[in-house]
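Only one structure is covered here, and it is reproduced in the block below.
Where a number appears in this text, it was derived from the coordinates with a stated rule and is not lab data. The shown structure was predicted, so the numbers you read here are calculated from the model rather than taken from an experiment. So basically every Cβ, Gly included, is an ideal-geometry build from the backbone, and we count neighbours across all protein chains shown.
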Amino acid sequence: MSIVLRALAHAVAVRRATGFAALFGLFAALSPALAIAHEFKVGAIEVEHPWSRATPPGAKTGAGYFGLTNTSSTPDRLIALSSPVAPRVEVHLMAVEGGIMTMKPVVGGLEVPAGGSVALAPGGYHLMLMGLTRPLVQGETVPLTLTFEKAGAVTVQLEVDSMGAKAPSHDAMGENAAGQTR
Ligand SMILES: [Cu+2]
């Protein structure tokens, strides 16, 4: 092989390698961004990063969390929820009253203020999947349909995180215990 050919072959190999590296770098840079930017829109409402937690076998309740942002100049309201994994889906508010943790269903829908946001997050507002028909498994996604008074309906995917992910468990709050006494 002549020196010129060898140099040419080398140049091609280098270009390929850098091309692959660039491509790989792009994927590496994109994939966490894709996982984080897990976002859905309907009308003026954005549903940000819906997630849930894996549940132990036999658990009858699961949780759901996401952010809601209303980009319009009129308030909207989350009025209905449904999912194939549970016959009933409710919005609850966890709060401390007189030193005691309480969990109350939000009646009449959850308001999303005009030009504002509301977070469903551990320790505050959250979804309860009531009467789970099967355990939620870490790594799967679970469809959830949200209906807003003005923006209409949108189906999002809850990403199921580990059982102990980032928050006090619902079981610790006595929701499952309450279910068992019924
Ligand atoms: Cu709850």
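So the values come out like this:
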quantity	calculated
Test: residue in the range 75-87 that is within 26 Å of Gly164 (Cβ to Cβ) and either touching a residue at least 60 places away in the same chain (Cβ under 8 Å) or among the basic types (Lys, Arg) (or both)	yes
Residue in the range 119-128 that is surrounded by the most Cβ atoms within 10 Å (Cβ to Cβ), counting only those that are more than 10 Å from the ligand (Cβ to nearest atom) and within 14 Å of the chain's Cα centre (by Cα)	Leu120
Number of positions in the range 91-118 that are of a type outside the set (A, V, I, L, M), within 15 Å of the ligand (Cβ to nearest atom) and surrounded by fewer than 16 Cβ atoms within 10 Å (Cβ to Cβ)	4
Residues within the range 117-151 that are touching a helix residue (DSSP H, G or I) at 6+ places or on another chain (Cβ under 9 Å) and in a strand (DSSP E or B), tallied	2
